[in-house]
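One structure below.
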Amino acid sequence: MDTTLNDPLLGTLLDGRYRVEQRIAAGGMATVYRGTDTRLDRVLALKVMNPGLAGDAEFTARFIREAKAVARLSHPNVVNVFDQGADQGVVFLAMEYVPGRTLRDVLSDRGALSVRAALDVLEPVLAALGAAHRAGLVHRDVKPENVLINDGGMVKVADFGLVRLLSGTEATGSSATTPGVVLGTVSYLAPEQVQPGAATDQRVDVYAAGIMLYELLTGSKPYAGENPMQVIYRHLHETVPAPSLTVPGLPPELDAIVAAATARDPQARPWDAVELLAALQRLRRSLTPAQLDAEPPASSRPTPRFATNEATSVIPAPPPERTAVLDLPADATMQLLRPRPYHEPTPVRRPMRPAGRRRLIWGSVLATVVVAVAAVSYLLSGAVYATMPSVLGETQAQAVSTLAGAGLQGHFVQAFSENVPAGQVLSSDPGVGARARKSDPVTVTLSKGPERIAVPDVTGKPLAQAQQLLGAARLTPGTTSQAYSPTVPTGSVISTNPAAGQQLPVNAPIALVVSQGPAPVAVPSVVGQPVAQAQSALTGAGFKAALGGQAYSDTVPSGSVTAQDVTGTAVPGSTVTLTLSKGPQPVTVPNVTGMSESDATKALGAAGFQVKSTGFNFLGLGSVSGQSPSAGQQAPKGSTVTINF
């Protein structure tokens, strides 16, 4: 049965602003809905604490702490939290909506990934966790269910619901562990998270990331069991197997990184996600394309006896496995920590033969020699090798001192970093915990801070050339728009946004404004004006005047403008061609001699002439005796013909 049909929150408006539209995920601690911010008209995700926990002050404080913690982070691989509120007992977070899939969905569909694909997913996850660690925050619930991949392939880390600060009280998040319970997702719990009184720090995220790397490379989790307790016991007492045992052919360096990240002793792990990220990036650079892109064999992926898909919950060992608060009996945790006693059977004693005694004596001698050689080798190795200490985040002077304390010396180089402040150590080679020869300097990379590029000045350059210059400067040509410019030629760049000279990250997009040429202006109407006056008016408005010919006009005097080819608006500098008037068109004068005055007037009027009578015409009975101009002559249309009587 679809329980969403009975969800009372669907269709409601939280805090008078957030409309709940669709349930997209549910767990024991919270339910996530897709909604709309009606004030800003944008789609977002609404994470609503389950009603059974909303009345618990501790869980409510932890829920609110998630909003405050994530609000401190500004990282492209962290799901943003926009708002936090409560409405009639409903406690919620308004978060960035990421359309796409979870990493768990990808693993369920594809199983094991290639090395390149695994690194493409895990590196942005570690970048997000590294930003949190450097901000003093620990996620504590890293797992594929909390890794979102949007439709464009962007990876984002979500659900900082168990986040805590590296200092402070529970109110500020120093501990989220209540005596007698285990908080977290069982398959990704670091051993110290289930040990009574054990301190936890950012290395619990490193451990979970190591488990996740194993899962990406093999398609399955390293530990399975009938119940959560069995899985926890294996975290405490077993070493995570090498991924290459499941997927033969994986580079041994990957086995080493998984082993370091999932070490049961936190001191043997990378210090934080930044250090683990640096190790993976070094590994990527050292592998060939064939090693990176080798497809893993079809994963057998047996259905685990406990927990395939792990979502957040507060009930012990539910199916599917969840981020759970597990109620432990008073002695259950200690039973997990203590290995089960092993009773060796009492051996049957037999009398030893002389030959056996000789073999025993020579065996003892050989064992003594081996132990002696091993001891000497160990002592010599201590003189030749040292364990690489962690210098991440230290200044060069601090790193020199730390290395000197371990009997090592450093060779310092620099590299840009978006996350590590300038002057602090970004990475070391070899990594933390590795053996380093004391006679050889270790490579320590200091951060130069974020790399910034000055936007080149491409003003006045043709669009194609400007885009080429931006690409050469390692910036991305962005959107283009058009605008009029009286000075920049059509098709060339007027301006950029950001402007030339501004410092930007590598590959930052640059918007370009391209010229359409000068803006059109009104063209003066010069019809009827004398030609000199018309030319002056046009040039004064920024146009060119040209004479295009002549034409007869009954209304425009000869020598004046009778027509122009451009009217309305035009680009300044355009040419306006003028047609000059030749005056009225000449007409042949009709012969009206001998006609009555009335008939003569009608005939001349029909030909387009005015009529003027002279002489005496008694009672209008006389006839025309003469006309001027004479019949057959050419005269301008509209001119006057005089008739005589």
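For region 255-307, the candidate set comprises residues that are among the β-branched types (Val, Ile, Thr) and not in a helix (DSSP H, G or I); within that set, the residue that is modelled with the lowest pLDDT is 303. Filter region 526-547 for residues that are touching a residue at least 12 places away in the same chain (Cβ under 8 Å), β-branched (Val, Ile, Thr) and over 20 Å from residue 584 (Cβ atoms) and give the result. Within region 526-547, just 526 meets the criteria. Checked against the criteria, residue 30 does not count as without any contact (Cβ under 8 Å) to a residue 60 or more places away in the chain, surrounded by 20 or more Cβ atoms within 10 Å (Cβ to Cβ) and touching a Phe, Trp or Tyr at 6+ places or on another chain (Cβ under 9 Å). One residue stands out among those in region 223-267 that are touching an Asp or Glu at 6+ places or on another chain (Cβ under 8 Å) and surrounded by fewer than 21 Cβ atoms within 10 Å (Cβ to Cβ): the one that is farthest from residue 280 (Cα to Cα), which is 266. All of (1) in contact with a strand residue (DSSP E or B) (Cβ under 6 Å, 6 or more places away or on another chain); (2) closer than 22 Å to residue 184 by Cα; (3) not polar (S, T, N, Q) hold for residue 87 with one exception: (2).
Among the residues of region 514-533, just one is within 30 Å of residue 639 (Cα to Cα), surrounded by 14 or more Cβ atoms within 10 Å (Cβ to Cβ) and within 60 Å of the chain's Cα centre (by Cα), namely 526. Taking region 548-597 as the range and being touching a residue at least 60 places away in the same chain (Cβ under 8 Å) and either closer than 27 Å to residue 609 by Cα or surrounded by fewer than 14 Cβ atoms within 10 Å (Cβ to Cβ) (or both) as the test, only 554 passes. Annotation: of all residues in region 60-97 being of a type in the set (Gly, Ala, Ser) and farther than 20 Å from residue 15 by Cα, the one that is surrounded by the most Cβ atoms within 10 Å (Cβ to Cβ) is 69.
Residue count for region 464-502 satisfying the condition of being among the aliphatic types (A, V, I, L, M), surrounded by fewer than 17 Cβ atoms within 10 Å (Cβ to Cβ) and over 30 Å from residue 419 (Cα atoms): 2.
Residue by residue through region 406-438, note down the ones that are aromatic (Phe, Trp, Tyr) and touching a helix residue (DSSP H, G or I) at 6+ places or on another chain (Cβ under 8 Å). If the condition is that a residue be aromatic (Phe, Trp, Tyr) and touching a helix residue (DSSP H, G or I) at 6+ places or on another chain (Cβ under 8 Å), then 412 is the only one that fits. Among the residues of region 46-79, the ones that are in contact with a helix residue (DSSP H, G or I) (Cβ under 7 Å, 6 or more places away or on another chain) and either within 23 Å of residue 136 (Cβ to Cβ) or in a strand (DSSP E or B) (or both) come to 7 in all.
The values are calculated or read from the model by the stated rules, or taken from the named source; none is laboratory data. Because the structure is a prediction, the values reported are computed rather than measured. Cβ sites come from the backbone with ideal geometry, for glycine too, and all protein chains shown count toward neighbours.
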